[in-house]
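First up is the structure itself, then whatever we jot down about it.
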Amino acid sequence: MNVTRRQFLQDGSLVVAGSLLAGVAPAPWVGKTPPFPRVQRMAERPDLPLRTDTAPELAPLNVIVLNRLGFGARPPDWAAYNALGSTPAARFSAYLAQQLNPAAIADGDCDQRLAAQNFVSLAKPLTQLWTDHTLADDYDTFSLPFRETVQATWIRALYSKRQFFEVLADFWHNHFNLFGWHDGVVSVFVHYDRDVIRANALGNFRQMLEAVATSPAMLYYLDNAFSSDDGPNENWARELFELHTLGAENYLGPLDQAAVPGYSTGNPTAYVDNDVYEAARAFTGWRVRDDDYDPEVGNTGEFFTYTPWHDRFQKTVLGLHLRNDRPALEDGRAVLDAVAGHPATARYLCTKLCRRFIADNPPQAVIDAAVAVWTANQQAPDQIKRVLQTILTSNEFANTWGEKVKRPFEFVASALRAVDAEWAWSDGFQWTFAQLGQALFEWPPPNGYPDRHEAWTGTNVMLGRWTILTYCLEGWLDDISADLLSQMPGNIRTPIAICDFWIARLLGRAMGTDDRQELIEFVAQGRNPEYDLSQELIDERVPRLVELIIMFPDFQWR
């Protein structure tokens, strides 16, 4: 069957997710009677995490903040957050000010954990990555930068105090997505993560866009490194418009450029195929110094513009006329200026940010407010930071709950943080997590992992979450441990007290009466819930209780 690139982008995400999830290892109880009625209902109700038949109560602000601006709370985080002020508003204001200035946050524990791994590639500049890894003879050395970046990303998500920055890096990696195992990406992925995504995550969007466009990883992934006047390759130009700036909703197909509304005044409201084709011509000659293709350009992995490959004739992009004989760099930068400054880009990016931090279908009022700040700060070095400040201090942010579901990365990271787990990378963890469908930086098409609940609330996903919880919390995976029993005071021994302790520890708030009662009945197993349990029963039931609470919708919302 012949499938066009457009069809693949529209349908391929679901196909890839389905193929990944089809291999999910069965939960230990599959084929037997589930250990708890709630689990059976989860298998029968893929929509349960959203509880579409009821609206969840609004969570306290500290719960919203720690789950949405980070990968959930570690046990000490609740008290540390509450110590920031005397009112919810004061605490949030202080916390947000800290998180928006990540460089000022002392992060010694995370730094020590990173140092203990003895990573080889993470501090290397691009040219050294190229020499040591791209030009390596063996694949282990060649792929090391990508593998080490994945491991470092997990360590930071689990242990960094710069939680919002880690969430934001994840957002931008998905917005400017590339497949980490791509041959042109894997050996320079450290540079893409460190010098492109992280270096610009809170900065200026136009500056970030050029960093992406000139990175060897993106130049190879979307084939612009091979685009010349003999045959301009449109892959980069297409995704620049469709995914990185104006968005597919502003695409008018094969319409003539002059027929686009606003074109006659120099302000076209949308883009068409000819804009993409002309932009592709503007980016011809944007290359990587790689002597595999031309010995005269050197072999350092750096970006450069190669005049013999540049289409020097006039072009028109979004109503902008580029005259003859302009240098390749000037042509491409003019296109980046045009798309970064377009009103549709402001709406598209602000909507995505609001979707990430508020709801799958974010309120229009907060989008409009974010667009106004985005537009007014086009030249500001901290444009993105100002927009985020607007979104996160909106009434909509503080008064929306239960309209986002944690994706697998967020779910597993928040679960491990909640139980104060000791984590280290292992092949077993890598394989088990990959079955959930969100292996880090491994989404093949350029549109990034989905950020809507429909992609992550199917039965297979829920079974996969149950499986990895069991593996992590019951000692089935090497190098991962959570000493749950030592975290619970020794005088807590009744089913009621045990449940209330773990509900508060994991959720940071009370649970609904019916749900709490089900948990108590599970721990009591027919005994009087006000009577002490033996140590043997406590040892047996606490890990499973913790798993059940984490599998409840209350924990999986963000």
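The values are calculated or read from the model by the stated rules, or taken from the named source; none is laboratory data. These figures come from a predicted structure and were not determined experimentally. Virtual Cβ from ideal backbone geometry, glycine too; neighbours counted across all protein chains shown. For the accessible areas, the whole protein counts, side chains as well, though only heavy atoms, and no ligand, DNA or RNA atoms are used. Shrake-Rupley method; radii C 1.70, N 1.55, O 1.52, S 1.80 Å.
Kindly indicate whether Glu396 is open to solvent by 20 Å² or more (accessible area, probe 1.4 Å), out of contact with any Asp or Glu (no Cβ under 7 Å at 6 or more places or on another chain) and in a helix (DSSP H, G or I). Answer is yes for this residue. The selection criterion, being assigned to a helix (DSSP H, G or I) and touching a residue at least 60 places away in the same chain (Cβ under 8 Å), does not hold for Met218.
Residues that are open to solvent by 30 Å² or more (accessible area, probe 1.4 Å) and farther than 26 Å from Asp368 by Cβ within region 327-343 comprise Pro327, Leu329, Glu330, Arg333, listed in sequence order. Of the residues making up region 101-125, those that are hydrophobic (A, V, I, L, M, F, W, C), touching a Leu at 6+ places or on another chain (Cβ under 7 Å) and open to solvent by less than 70 Å² (accessible area, probe 1.4 Å) number 0. Count, please, the residues in region 454-493 that happen to be open to solvent by 30 Å² or more (accessible area, probe 1.4 Å), part of a helix (DSSP H, G or I) and either closer than 21 Å to Arg558 by Cβ or at pLDDT below 90 (or both). Residues in region 454-493 being open to solvent by 30 Å² or more (accessible area, probe 1.4 Å), part of a helix (DSSP H, G or I) and either closer than 21 Å to Arg558 by Cβ or at pLDDT below 90 (or both): 4 in total.
Could you tell me whether region 126-137 includes any residue that is surrounded by fewer than 19 Cβ atoms within 10 Å (Cβ to Cβ), farther than 21 Å from Pro445 by Cα and modelled with pLDDT under 95? Yes, that holds for at least one residue. Do we find that Ala328 is within 24 Å of Ala225 (Cβ to Cβ), in contact with a strand residue (DSSP E or B) (Cβ under 6 Å, 6 or more places away or on another chain), modelled with pLDDT of 95 or more and not acidic (Asp, Glu) in this structure? Considered against the rule, which asks whether it is within 24 Å of Ala225 (Cβ to Cβ), in contact with a strand residue (DSSP E or B) (Cβ under 6 Å, 6 or more places away or on another chain), modelled with pLDDT of 95 or more and not acidic (Asp, Glu), Ala328 comes out as no.
Check Asp140 against each of (1) part of a loop (DSSP other than H, G, I, E, B); (2) open to solvent by 10 Å² or more (accessible area, probe 1.4 Å) and name the one condition it does not meet. Among (1) part of a loop (DSSP other than H, G, I, E, B); (2) open to solvent by 10 Å² or more (accessible area, probe 1.4 Å), Asp140 violates only (1).
Okay, residues lined up against (1) open to solvent by 30 Å² or more (accessible area, probe 1.4 Å); (2) modelled with pLDDT under 95; (3) in a loop (DSSP other than H, G, I, E, B); (4) under 30 Å from Asp229 (Cα atoms):
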| residue | (1), (2), (3), (4) |
| --- | --- |
| Thr345 | no, no, no, yes |
| Leu349 | no, no, no, no |
| Cys354 | no, no, no, no |
| Pro381 | yes, no, yes, no |
| Ala415 | no, no, no, no |
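Of the residues examined, Arg541 is not one that is open to solvent by 40 Å² or more (accessible area, probe 1.4 Å) and assigned to a helix (DSSP H, G or I). Looking only at residues that are closer than 25 Å to Asn67 by Cβ and in a loop (DSSP other than H, G, I, E, B) in region 494-534, which one is most open to solvent (accessible area, probe 1.4 Å)? Ranking the candidates gives Ala510 first. Residues in region 427-439 that are open to solvent by 10 Å² or more (accessible area, probe 1.4 Å) and in contact with an Asp or Glu (Cβ under 9 Å, 6 or more places away or on another chain): Asp427, Gly428, Ala434. Checking Glu148 against (1) charged (D, E, K, R); (2) open to solvent by 60 Å² or more (accessible area, probe 1.4 Å); (3) in a helix (DSSP H, G or I); (4) under 30 Å from Gly298 (Cα atoms): exactly one of these is not met. Which one? Every listed condition holds for Glu148 apart from (2).
Just one of (1) surrounded by fewer than 22 Cβ atoms within 10 Å (Cβ to Cβ); (2) under 15 Å from the mean Cα position of the chain (by Cα) fails for Phe411. It is (1).
Among the criteria (1) buried (at least 21 other Cβ atoms within 10 Å of the Cβ); (2) over 22 Å from Arg287 (Cβ atoms), the one Val186 does not fulfil is (2). Checked against (1) modelled with pLDDT under 95; (2) more than 27 Å from Trp502 (Cα to Cα), Glu403 meets all criteria but (2).
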